[in-house]
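Colleague: Structure incoming, see below.
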Amino acid sequence: MSVCRACPRLVTWREEVAVTKRAAFADQPYWGRPVPALGPPDAPVLVVGLAPAAHGANRTGRNFTGDRSGDWLYAALHRAGYANQPVSWAAGDGLELDGVRIIAPVRCAPPQNKPTLVERQTCAPWLDADLARSAPFVRSIMCLGSIGWDATIAGVRHAGWEVPRPKPKFGHGARATLRTPEGREVALVGCYHVSQQNTFTGKLTESMLDEVIASL
Ligand code: SF4
């Protein structure tokens, strides 16, 4: 997966950013490749985001580490006992996750954090593979935003899971029950994305995030 070059626009962007860098990180190596899932493969909780940030996960190679969105997510995961530290800004900083695995449905950093529909569809098989790997263990899937929500529903449908009809709608705190082909129930849970657009404006507060995580 870390050698995938299926999306020309994203390949160009991830690699350009890795060469030009942000001044604050000029002394650091950039990952500049697709970002794999982070956390133990047998985790009972999955967090599905959107895509790596250009100077965050595209730098560190780990989802949500190294940017302001990650500050919110890891602080909340730490409060809930899923992360051993509340911040993570560089690769090899000692971050360890317990019971949670974090996945980006688009694995490469997109310009303006906006992948196209075609790019989302092109990356879908990687998400499908991650969902298949987690299927025997997962209890809850928290989707940060509607793109992660839709990608997860499409992914589990491909894998033959039962999804309620009509299709469950994304919302903060929205919940639906999925069923694996073996008949096991898995909770699908919506949460506003931890982007600065939401956290700076108060659309998503710490207590709102904590409440969703506590329900997983
Ligand atoms: Fe490959 Fe996904 Fe990256 Fe596109 S976004 S190049 S499909 S890993």
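The values are calculated or read from the model by the stated rules, or taken from the named source; none is laboratory data. Note that the structure is a prediction, hence the values are computed from the model and not measured. Cβ placement follows ideal geometry from the backbone for every residue including glycine, while neighbour counts extend to all protein chains displayed. Note: accessible area is taken over every heavy atom of the protein model, side chains too, but ligands, DNA and RNA are not part of it. Shrake-Rupley method; radii C 1.70, N 1.55, O 1.52, S 1.80 Å.
Colleague: If we keep just the residues of the stretch 43-53 that are in contact with a helix residue (DSSP H, G or I) (Cβ under 8 Å, 6 or more places away or on another chain) and part of a loop (DSSP other than H, G, I, E, B), which is surrounded by the most Cβ atoms within 10 Å (Cβ to Cβ)?
Modeller: It comes out as 52.
Colleague: What are the pairs with Cβ atoms under 6 angstrom where one residue, in the stretch 122-138, is without any contact (Cβ under 8 Å) to a residue 60 or more places away in the chain and closer than 14 Å to residue 185 by Cα and the other, located anywhere, is within 11 Å of the ligand (Cβ to nearest atom) and outside any helix (DSSP H, G or I)? Sequence gap at least six, or different chains.
Modeller: Once the first residue is without any contact (Cβ under 8 Å) to a residue 60 or more places away in the chain and closer than 14 Å to residue 185 by Cα and sits in the stretch 122-138, no partner that is within 11 Å of the ligand (Cβ to nearest atom) and outside any helix (DSSP H, G or I) comes close enough.
Colleague: Right, another one. Could you list, ordered by first residue, the pairs with Cβ atoms under 6 Å in which the first is in the stretch 1-24 and without any contact (Cβ under 8 Å) to a residue 60 or more places away in the chain and the second is more than 7 Å from the ligand (Cβ to nearest atom) and open to solvent by less than 80 Å² (accessible area, probe 1.4 Å), at least 6 apart or interchain?
Modeller: Final answer for the pair search is 15/32; 18/30; 18/32; 22/55.
Rundown of residues vs (1) within 19 Å of the chain's Cα centre (by Cα); (2) outside any helix (DSSP H, G or I), yes/no style:
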| site | (1), (2) |
| --- | --- |
| 10 | yes, no |
| 15 | no, no |
| 31 | yes, yes |
| 34 | yes, yes |
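Colleague: Return the total of residues in the stretch 54-109 being among the acidic types (Asp, Glu) and not in a loop (DSSP other than H, G, I, E, B).
Modeller: 1
Colleague: Being within 16 Å of the ligand (Cβ to nearest atom), polar (S, T, N, Q) and within 27 Å of residue 187 (Cα to Cα): is that true of residue 84 here?
Modeller: no
Colleague: Please work out if residue 5 is touching a Cys at 6+ places or on another chain (Cβ under 7 Å), of a type outside the set (A, V, I, L, M) and either open to solvent by 70 Å² or more (accessible area, probe 1.4 Å) or assigned to a helix (DSSP H, G or I) (or both).
Modeller: no
Colleague: Listed residues 31, 89; which is among the aromatic types (Phe, Trp, Tyr), within 14 Å of the ligand (Cβ to nearest atom) and in contact (Cβ under 8 Å) with a residue 12 or more places away in the chain?
Modeller: Among 31, 89, only 31 is among the aromatic types (Phe, Trp, Tyr), within 14 Å of the ligand (Cβ to nearest atom) and in contact (Cβ under 8 Å) with a residue 12 or more places away in the chain.
Colleague: Moving on to the next point. Just for strands (runs of 3 or more DSSP E) wholly inside the stretch 110-216: which have at least 1 residues that are modelled with pLDDT of 95 or more and surrounded by fewer than 13 Cβ atoms within 10 Å (Cβ to Cβ)?
Modeller: Hits in the stretch 110-216: 175-179, 185-191.
Colleague: Quick one: would you say residue 105 is in contact with a Phe, Trp or Tyr (Cβ under 6 Å, 6 or more places away or on another chain) and either at pLDDT below 95 or within 15 Å of the ligand (Cβ to nearest atom) (or both)?
Modeller: So residue 105 fails the test.
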